[in-house]
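Taken together, the values in this text are just the output of simple stated rules run on the coordinates, not laboratory data. This is a predicted model, so every value here is computed, not measured. Neighbour counts are summed over all protein chains in view; Cβ atoms, including those assigned to glycine, are modelled from backbone coordinates with ideal geometry.
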Amino acid sequence: MVPALFFPWCSSLRAHQRAGRCGDGRHGPKSALRAVREMGSSGLAACALEGPGWLQRHLLSGEFDQLRNFTVFESNFVQVTRFGEVANKVTMGVAASSPALELPDLLLLAGPTKENGCLQLLGLFPLQFVQLYIHDESRQQLKVKFCTGRAFYLQLQGPAETRDLEFGKWVRLLYHLHFQAGQGAVPFTQEWGDEDEETGGDQEDREWDWRDQLQDREARLDPQTSELWGL
Amino acid sequence: MTYAYLFKYIIIGDTGVGKSCLLLQFTDKRFQPVHDLTIGVEFGARMVNIDGKQIKLQIWDTAGQESFRSITRSYYRGAAGALLVYDITRRETFNHLTSWLEDARQHSSSNMVIMLIGNKSDLESRRDVRREEGEAFAREHGLIFMETSAKTACNVEEAFINTAKEIYRKIQQGLFDVHNEANGIKIGPQQSISTPVGPSACPRSPRDTGSDSGCC
Ligand SMILES: Nc1nc2c(ncn2[C@@H]2O[C@H](COP(=O)(O)OP(=O)(O)OP(=O)(O)O)[C@@H](O)[C@H]2O)c(=O)[nH]1
Ligand SMILES: [Mg+2]
């Protein structure tokens, strides 16, 4: 296993979450339960309070040999349109394919299955082909842009007490990644105009919904529509 | 949901031949007319029934474009089945099969079952590779062969399922060691007695956290 220290920018995230939970005077499961209730019925949100995240656990479940030793820094998001409308849940994480790396080199995306809402790994993408930006700091939104022009927006989810801290980790990570990639040290989309002007690509910056999200959306929310995703 | 076995599949072949469309048709029964170049790996999963046994197919749809190929290659390891796809309307995608096959054989188990797929069979008027050529290539290299259309769904189910049948047959003949992870086969959580079940990644209500069994 890769030691947690390996990702200096995320090593203390879970610890902070635990501290926050104990520090509010109501210990253990009770406050966790309350936090879950506050999140509505979102099962995915519950995991942020306990040990490894959903994605990490999914990889550890034994179905993904090659990915099981990854240390994943992950958060739960909802996909939003450019104008902030909410589409669907996405868990996004970064991982390093080798313990020798100082920074993560892979982006992982996962989402609930249509059938029963269990988390399913959707994609694994080399970070060298993906750019991550802070899209709207106040709303805690990130922009994910693939080198092929696909782009989508994710808004951080989670208990209010820990969300700022968690978003801060992403911001730090993005600074590191942008610095490493030589993209200029500031990973923001808004203050710096549209980053597409910098890259000067003729690729349309299409808003990309994960696998045709608009169609998928109903399907995802209605487990009855597909009997196929038997996870 | 429980399953007897899990088979890892990879889908490989040139960019634009329809790998992602085949996966989408198989898992979601729909067609995507726009080419969204895959970078890295996209995943799909579906249960199939072979001989009364539930089998979960875990499918790794890889990027075909040359610039992503060196990275995706490393994920061929541990696949039990491969769909090697070309486009019947583009001869160069057929000509590149040998190089894909070499890659696949080099980076995965020698037992891997490979299904050669001539995709886009709906575009008969634009056909550039005859069916017999595909058949001959498959025969020569010991592959199974089918022509499919991810657009009309013709033979898509069959391609995935026949590959699973062949893997299953090999297991029954003792050609696949199901306990060797490198073979891309896993015994389902209910079937295995000695293998501990890992932590579940399924959402549960806090009340359930005492239980050890996943909801999947
Ligand atoms: N007519 C027809 N078009 C197809 C078929 N399968 C795929 N296509 C089209 O071919 C194009 C490429 O399909 P993809 O599935 O994205 O190709 P891919 O092999 O995944 O390509 P990479 O991800 O770049 O490796 C898309 O425009 C599809 O609509 C088919 O069976 N018939
Ligand atoms: Mg593709």
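Go through segment A:168-180 residue by residue and turn each phi into a ³J(HN,Hα) via Karplus (6.51, -1.76, 1.60, θ = phi - 60°); whole Hz please, and just put x for glycine and proline.
These are the phi-based 3J(HN,Hα) values: x, 5, 5, 4, 5, 4, 5, 4, 4, 5, 5, 5, 4 Hz.
In segment A:76-141, which chymotrypsin sites (Phe, Trp or Tyr not before Pro) are in a loop and have at most 15 other Cβ atoms within 10 Å, using DSSP for the loop call? Numbers along the way, then the final one.
On the way: sites: A:PHE77, A:PHE83, A:PHE129, A:TYR133; in loops: A:PHE83.
Passing sites in segment A:76-141 are A:PHE83.
With a 10 Å radius around each residue's Cβ, average the other Cβ atoms per peptide and rank A:114-122, B:119-127, B:152-160, highest first.
On the way: A:114-122: 21.3, B:119-127: 16.3, B:152-160: 18.8.
Packing order, densest peptide first, comes out as A:114-122, B:152-160, B:119-127.
Under 5 Å between amide hydrogens, which residues at least 5 positions from B:ILE114 or on another chain qualify, with H placed 1.01 Å from N in the peptide plane?
Here B:ALA82, B:ILE144 satisfy the definition.
Need one value for A:63-71: mean number of C-beta atoms belonging to other chains within 10 Å of its residues' C-beta atoms. Mind showing how you got there, number by number?
Values: counts 10, 5, 7, 8, 2, 1, 0, 0, 0.
Rounded to a whole number, the mean comes out at 4.
If you average the sequence gap of Cα pairs under 8 Å that are 6 or more apart and divide by the length of segment B:88-199, what percent do you get for the contact order? Show your work: numbers first, answer last.
Working: 102 pairs, mean separation 28.1, N = 112.
Once divided by the residue count of segment B:88-199, the mean separation gives 25 percent.
How do A:LYS89, B:LYS170 rank when sorted from fewest to most other Cβ atoms within 10 Å of their own Cβ? All intermediate terms of the calculation are to be shown ahead of the outcome.
Values: A:LYS89 22, B:LYS170 17.
Fewest to most other Cβ atoms nearby, the residues stand as B:LYS170, A:LYS89.
Calculate how steeply helix B:97-107 sits against the longest principal axis of the alpha-carbon atoms of chain B, using the helix alpha-carbon long axis, and give the answer as 0 to 90 degrees to the nearest 10.
Value to nearest ten degrees: 30.
Taking amide hydrogens as modeled 1.01 Å from N in the peptide plane, which residues meet the under 5 Å criterion relative to B:GLY188, leaving out close sequence neighbours?
Sorted by chain and number, the residues that satisfy this are B:TYR5, B:LEU6.
Segment B:60-80 to segment B:14-56: how many Å between their Cα centroids?
15 Å
In chain B, if every C-alpha pair distance is counted and binned at 10 Å from zero, what percent goes to each bin?
Distribution as computed: 8, 34, 34, 17, 6, 1, 0 percent.
Please report how far the C-alpha centroid of segment B:133-188 lies from that of segment B:99-126, rounded to the nearest whole angstrom.
10 Å
As a check on your grasp of the helix formula, calculate [θ] at 222 nm for chain B: sum -39500 (n - 2.57) over DSSP H runs of n ≥ 4, divide by the residue count, round to the nearest 500.
Details: 6 runs with 61 residues, N = 216.
After summing the helix terms and dividing by the residues of chain B, the value is -8500 deg cm²/dmol.
Just list whichever of A:LYS114/B:LYS165; A:LYS114/A:LYS145; B:LYS120/B:LYS186; A:LYS114/B:LYS53 have alpha carbons separated by over 28 Å in the model shown.
Values: A:LYS114/B:LYS165 26 Å; A:LYS114/A:LYS145 25 Å; B:LYS120/B:LYS186 32 Å; A:LYS114/B:LYS53 23 Å.
Going by Cα-Cα distance, B:LYS120/B:LYS186 fall outside the 28 Å limit.
Could you please report the charge total around B:ILE11, scoring K, R as +1 and D, E as -1 over all other residues with beta-carbon less than 10 angstrom from its beta-carbon? It would help to have the intermediate numbers written out before the result.
On the way: positive: B:LYS19; negative: B:GLU42, B:ASP61.
Residues near B:ILE11 contribute -1 overall.
Which far-off residues, 5 or more places away or on another chain, put their amide H under 5 Å from the one on A:VAL90, with H placed in the peptide plane?
A:PHE77, A:VAL78, A:GLN79
Each residue of segment B:143-157 in turn: what ³J(HN,Hα) in whole Hz from Karplus with 6.51, -1.76, 1.60 and θ = phi - 60°, glycine and Pro shown as x?
The phi angles translate into 10, 8, 9, 8, 9, 9, 9, 6, 7, 8, 6, 4, 6, 5, 3 Hz.
Give me A:LEU109, A:LEU124 sorted ascending by neighbouring Cβ count inside 10 Å, so fewest comes first.
Numbers: A:LEU109 23, A:LEU124 27.
Going from least to most buried by this count: A:LEU109, A:LEU124.
Enumerate the calculated ³J(HN,Hα) couplings along segment B:70-86 in order (Karplus 6.51 cos²θ - 1.76 cosθ + 1.60, θ = phi - 60°), each rounded to whole Hz, writing x wherever the residue is Gly or Pro.
Running phi through 6.51 cos²θ - 1.76 cosθ + 1.60 with θ = phi - 60° gives 5, 7, 5, 3, 5, 9, 6, 3, x, 9, 8, x, 9, 9, 9, 10, 10 Hz.
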